[in-house]
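The values are calculated or read from the model by the stated rules, or taken from the named source; none is laboratory data. Remember, it's a predicted structure, so these values are computed and weren't measured experimentally. Quick reminder, even Gly has a Cβ in these numbers, built from the backbone with ideal geometry, and neighbours come from all protein chains shown. Ligands, DNA and RNA are excluded from the accessible area calculation, which covers all protein heavy atoms including side chains. Shrake-Rupley method; radii C 1.70, N 1.55, O 1.52, S 1.80 Å.
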Amino acid sequence: MESASDTPEASRSDRPFVWGRKTYIMGILNVTPDSFSDGGQYDTVATAIARARELVEAGADLLDLGGQSTRPGAREVSPEQERDRVVPVVRSLRDPSSPFASTFENLPISVDTTRASVAEAAVEAGATWVNDVSGGLADPQMLPTIAALGVGAILMHMRGTPQTMQQLTDYDDLIGEIYRVLETQIDAAIAAGIPREKIVVDPGIGFAKTYEQNLEILRKIPVFRRLGVPVLVGPSRKSFIGHLLDRPDPKQRVWGTAAACCAAIAGGADIVRVHDVAEMADVCRVADAIFRVF
C-alpha cells in the first residue's frame, strides 16, 4: 500500500494501490443468509461467483467477502460454518482453470472476519487482505496471524459485538475516542509484525454508533487522516440513511449512499465499501475530479 509519491509494487494476487490518486471501491460480497441488505442472495458458490463478476465489471477495485453477518443483533455462527461459507468462494475466484480466471486475476480479495482461523484459511485459499470489524480485538491471535500471513489489515472501530453494539453508543468524545482506539490498534498491529504500509483503518459507521454519530463521523473524516494510514469508509445502505430518507428497504438507499460516499471522499477517504458498485463508481469519479487536486 503506497502513498501517491511511491512506486507501486504488486504483492501476491494483488493490484497495487497508490493512495491519494483516486478513491478505491470495495465491493461487498456477503455469502450469508442473514446480512441486513442482501442476505441469502449470494450464499452459494455459483451465485457468489456471478455476483463477484458483476461487481468487478461494474468497477470494484477489490472485493470484501463475508461469511458472518455483522448487522445489529446478528446470530453468531461457528468458525467452521463461517469458514465453509467463505473458503470455497475464494478458492473458486482463484481457480486458474475457471472460464472467469482473467476477471479475477490479481484482484485483491479481503475476507471480512474477526477470527484468525477463518482469516488463515481464506488467505491460504487466495485472499490477500483481512478486514476485521473488531479492529483485532475479538481474537488475540488475529494480529499475529495477519503478520505471519503477510497480508493487509483493515482495522475497524467497534464496541462490543453485533449482538450488543447498539447498546454501547454512549461516548464522552465520539471522534476522540474512535481515534484513540484506532491509534492503539495501529500500534498493536505494528508491534505484532504488520508493517504500517499494510494497515487501513475504518471508523466503523453503524457499529456502536447512533444516527447522529454516523453523521458526525462523516463530517470528521479528515481527523482520521492524521493517523497516517489509508482510511476506509463503509456507509452503504445503512440505517442512518434509511432514517434520513424514510426508506426502510435498504435497497432503496442507493442515492443516500452516494451522498455519504461523496462526503467521505471530500474528507479524504481512500476506500469506500459499497453494495452498488456501478452507481458509486460514477460518484467516485466525479468526486475525485472535484476534491483530489494535485
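One table, with the values for the structure above:
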{"read-out": "Single unsatisfied condition, D246 versus (1) at pLDDT 95 or above; (2) open to solvent by less than 50 Å² (accessible area, probe 1.4 Å); (3) of a type outside the set (F, W, Y)", "value": "(2)"}
{"read-out": "Which numbered condition G160 misses (of (1) under 19 Å from the mean Cα position of the chain (by Cα); (2) crowded, with 16+ Cβ neighbours inside 10 Å)", "value": "(2)"}
{"read-out": "Single residue of G206, G228, G256, G234 found to be surrounded by fewer than 22 Cβ atoms within 10 Å (Cβ to Cβ) and under 20 Å from N30 (Cβ atoms)", "value": "G256"}
{"read-out": "Residue count for the stretch 52-107, restricted to those that are crowded, with 17+ Cβ neighbours inside 10 Å, part of a loop (DSSP other than H, G, I, E, B) and either of a type in the set (D, E) or touching a Lys or Arg at 6+ places or on another chain (Cβ under 6 Å) (or both)", "value": "2"}
{"read-out": "Matching residues in the stretch 269-289 - criterion: being part of a helix (DSSP H, G or I) and touching a Leu at 6+ places or on another chain (Cβ under 8 Å)", "value": "V277"}
{"read-out": "Count - residues of the stretch 163-183 that are surrounded by 14 or more Cβ atoms within 10 Å (Cβ to Cβ) and either at positive phi or β-branched (V, I, T) (or both)", "value": "4"}
{"read-out": "Condition met for I190 (touching a strand residue (DSSP E or B) at 6+ places or on another chain (Cβ under 8 Å) and surrounded by fewer than 22 Cβ atoms within 10 Å (Cβ to Cβ))", "value": "yes"}
{"read-out": "Pair list, Cβ under 7 Å, 6 or more apart: the stretch 137-159 residue closer than 20 Å to F207 by Cβ, other residue modelled with pLDDT under 95 and in a helix (DSSP H, G or I)", "value": "M158/M165; R159/M165"}
